[in-house]
Amino acid sequence: MRCAEYCEVVANQPVATDQFEIEIHCPTVARYAQPGQFVQMRVQSGYEPLFSRPFSVFHRKPDRDTFSVVYLVRGTFTQLLAHKQAGDRVFVVGPLGNRFVVAEPQHEKVHVLVAGGVGAPPLYLLAEEMVHHGIAHSNVVVINGARRQDLLVCQGHFAGLGVRLFTATEDGSAGIKGKVTDVLESLREQGDLAPERCQIYACGPTAMLEAVAAFAQQHHVPCQVSLETLMPCGLGVCLGCAVKIRTGDGYDYKRACVDGPIFDAAEVLWR
Amino acid sequence: MSRVKMDVQLGPLHLQNPVLVASGTFGYGSEYADLVDLNRLGGIMVKGTTLRPRAGNPMPRMVETASGCLNAIGLQNVGVEAFIREKLPFLRQYRCAVIVNIAADVREEFEELAERLDGVEGVHALELNISCPNQARGGIEFGVDPEATYDVVSRVRRRTRLPLIVKLSPNVTDIRVTARAAVDGGADILSLVNTFVGTAIDARTRQFKLANITGGLSGPAIKPLALYMVWKVAQAVSVPIIGMGGIMNATDAVEFMLAGASAVAVGTANYINPRVSIEVLEGIEQYLIEQGETDVKAIVGTVKRCKPESEF
């Protein structure tokens, strides 16, 4: 079930440096969005910029008929979005795309969620679902990374879930000084990433995803990645979001918007 | 029940209303079926279909420009056999016309495609894509050369009894020349315009933004150019025209009809609002009521010169 309609903004608040969380009244997305799925949003009244933009769903509040997304203000579109106030309307199409698949048997697995910057929100929705499903808190490992402390997203939310939370910043302003792959490496050295009982789920910048995928492949740990590309339509028709996915002897272009955005990292051709 | 007559007859092709969705902007219909009532559309022009499946061009394939978008998808499609086997059965459930956009590198492939689709249940017309700007060979080459246009259209004409639409390229000095060549070759209907060749450069990285270097420009940026070409071709030929190029709303669509188009196709706007084609249809009906018209056909080609402002 998905919708394409104008929806009312309920709240639009800064959550960190240049980061906002916008809550939108939309019963369909509130009810049906799954972890890893996204919505296409349009806030501009004219044609500048022309296209909608994709945002991963962060929170669902079915009792309030709302959902929210977290965004980083970095261009014309997100500047317009940051100016939206409660009562304003935005055009929403969604929920779209596939979801992270929780590895089975889910209660026996160690689920490692690797987030980079604004890649964190869909992983929060996933962690929340895992906790809801009764997966032991100790079996949900979140590695949240960013360049600096003030660019970390969802840190308080992850902490609030009571899952095992590791933090990495490149300048050392929070958690360990280093990258999310450094945390993965130290977990592996401690014996926490036994391939047969571990699953990685990653969302963040492409360079980070590629590094996490390389780590997963090297150590034979299954890994799902959420790919980010330009998505003009989000509905699978424009073919502008194609990603190279391995086939038997070569590759095929798959659509990140409907065949993804979640792919098995082992199938992605990064270059 | 509509208060105005909306059906149109384009030569041999009857449409329940004049609003189509343009090839490459609506997939095979199924992608939009839960959001749009396909039964309400005049027709669906499906994604450009080739004899064999195509993987398409490398990424990046699409880039936003001022009020527009450049694309260089490279005809990624499932191929004609998979289209007939996997995509067409779904479309047959609906009463809108199904128009298959066919594309090829060489003339013989156009003929094979036309022959393969002739008589296939659920195909209502062919749209001959001689104007795709993203192919190394063929494609646009036919569309910019009047002799090649005539030759490929007449070859296809001999291989099919289906209504034949020829999609014209705007990347020519005088579009009336290729328009006449297509009609002489046997086109029943002309559709125009396809995209305008353009490029985009990233000043910071000093690189082209598209892997293909060039792409086809679409969106509201091209509307005045497309509108002019429709008007010009309408003066030059007697076959019906499907107007397209940057139609974003009902007013845009009406302008194309006033310029001489008997039907319109909504393209890039489908990416932004999946329901836009229905909004365009409803908006045209509303416009006709406001204008006191009872039949959509009555407005085709009725644009007049503007009156001097002093006449008050």
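What follows draws every value from the coordinates through simple rules; no lab data is involved. These numbers come from a predicted model, not from an experiment. Positions of Cβ are backbone-derived with ideal geometry, glycine not excepted, and every protein chain shown enters the neighbour counts.
To the nearest Å, what is the center-to-center distance of segment B:38-54 and segment A:175-249, using C-alpha atoms only?
Their Cα centres are 35 Å away from one another.
Cα-based Rg (one decimal) and Dmax (whole number) for segment B:241-312, in Å?
13.3, 43
If one takes the longest principal axis of the Cα atoms in chain A, at what angle in degrees, from 0 to 90 and to the nearest 10, does the Cα axis of helix A:180-189 lie?
Compared with the principal axis, the helix lies near 30 degrees.
Over 40 Å apart: what share of the alpha carbon pairs of the protein assembly as shown falls there, rounded to a whole percent?
Here the long-distance tail beyond 40 Å is 31 percent of all Cα pairs in the protein assembly as shown.
Quick check: Cα centre of segment A:71-123 to Cα centre of segment B:1-35, how many Å?
Comparing the Cα centres of segment A:71-123 and segment B:1-35, I get a distance of 35 Å.
Subtract the Cα-Cα distance of B:Q9 and B:L225 from 0.36 nm times their separation in residues, and report this length gain in nm to one decimal.
So the chain would gain 75.2 nm between B:Q9 and B:L225.
For segment A:1-80, just say rounded, prolate or oblate: build the C-alpha gyration tensor, square-root its eigenvalues into a ≥ b ≥ c, call rounded for a/c under 1.5, and beyond that prolate if a/b exceeds b/c, oblate if not.
It is oblate, given that a/c is not under 1.5 and a/b is not larger than b/c.
So what's segment B:167-235 giving for Cα Rg divided by 2.2 N^0.38 Å, two decimals?
The value comes to 1.37.
Treating only the Cβ atoms of Lys and Arg (+1) and Asp and Glu (-1) as charged, compute the dipole magnitude of chain B about its Cα centre; round to the nearest 20 debye.
Here chain B has a charge dipole of around 320 debye.
Taking C-beta distances below 4.7 angstrom as the pairing criterion, name the unpartnered cysteines of the protein assembly as shown, in sequence order.
A:C3, A:C154, A:C198, A:C203, A:C223, A:C241, A:C257, B:C69, B:C96, B:C132, B:C306
Could you pull out every one of the lysines with an alpha carbon less than 26 Å from that of A:K177, ignoring same-chain neighbours closer than 8 positions?
Within the straight-line limit of under 26 Å, A:K177 reaches no lysines at all.
Using only helices, what value at 222 nm comes out for chain A when you add -39,500 (n - 2.57) per DSSP H run of length 4 or more and divide by the total residues, to the nearest 500 deg cm²/dmol?
Helix contribution divided over all residues of chain A: -6000 deg cm²/dmol.
Going down the table (A:K244/B:K47; B:K167/B:K223; A:K61/A:K84; B:K5/B:K167; B:K223/B:K304), which pairs top 22 Å between alpha carbons?
B:K5/B:K167
Which of B:R157, B:R54, B:R206 ends up with the largest GNM mean-square fluctuation for chain B, with Cα atoms connected below 10 Å?
B:R206
I'd like the per residue volume of the convex hull spanned by the Cα atoms of chain B, given in cubic angstrom.
Per-residue hull volume (Cα only) is 140 Å³.
For segment A:110-226, what class follows from the C-alpha gyration tensor (a ≥ b ≥ c being the square roots of its eigenvalues): rounded when a/c is under 1.5, otherwise prolate if a/b is larger than b/c, else oblate?
Because its axes are fairly even, with a/c under 1.5, segment A:110-226 counts as rounded.
Would you please put B:212-220, A:39-47 in order of how densely packed they are, using the mean number of other Cβ atoms within 10 angstrom per residue and starting with the highest?
With the highest mean Cβ count within 10 Å placed first, the list reads B:212-220, A:39-47.
Over all Cα pairs of segment A:181-271, how is the pair count split among 10 Å bins, expressed in % and running from 0 up to the last occupied bin?
17, 44, 27, 11, 1
Is it possible to state the helix-based mean residue ellipticity at 222 nm for chain B, with each DSSP H run of 4+ residues giving -39500 (n - 2.57), the sum divided by total residues, to the nearest 500 deg cm²/dmol? What is it?
Roughly -8000 deg cm²/dmol at 222 nm, from the helical runs in chain B.
Suppose each label sits 7 Å from its Cα in the direction of the beta carbon; what would the A:S186-A:K61 distance come out to in nanometres?
3.6 nm
Modelled label-to-label distance, A:H107 and B:T294, 7 Å Cα→beta-carbon offset: nm?
For A:H107 paired with B:T294, the spin-label model returns 7.3 nm.
Using R₀ = 45 Å, calculate the FRET efficiency as 1/(1 + (r/R₀)^6) where r is the Cβ-Cβ separation of B:K232 and A:R89; round to 0.05.
0.65
Please state the shape class of segment B:17-122: rounded when a/c is under 1.5, otherwise prolate if a/b exceeds b/c and oblate if not, all from the C-alpha gyration tensor.
oblate
Considering just Cα atoms, how many Å³ per residue does the convex hull of segment A:230-271 enclose?
Dividing the Cα hull volume of segment A:230-271 by its residues yields 70 Å³.
Can you give the direction-averaged projected area of the convex hull of the alpha-carbon atoms in segment B:83-164, in nm²?
5.5 nm²
Taking Cα atoms, how many degrees apart are the long axis of helix A:120-132 and the longest axis of chain A, rounded to 10 and kept between 0 and 90?
Helix A:120-132 sits at roughly 70 degrees to that axis.
With everything on Cα atoms, drop me the angle between helix A:206-218 and the longest principal axis of chain A, reported from 0 to 90° to the nearest 10.
30 degrees
Can you pull the semi-axes for segment B:142-301, root of five times each eigenvalue of the Cα gyration tensor, sorted largest first, whole Å?
27, 25, 13
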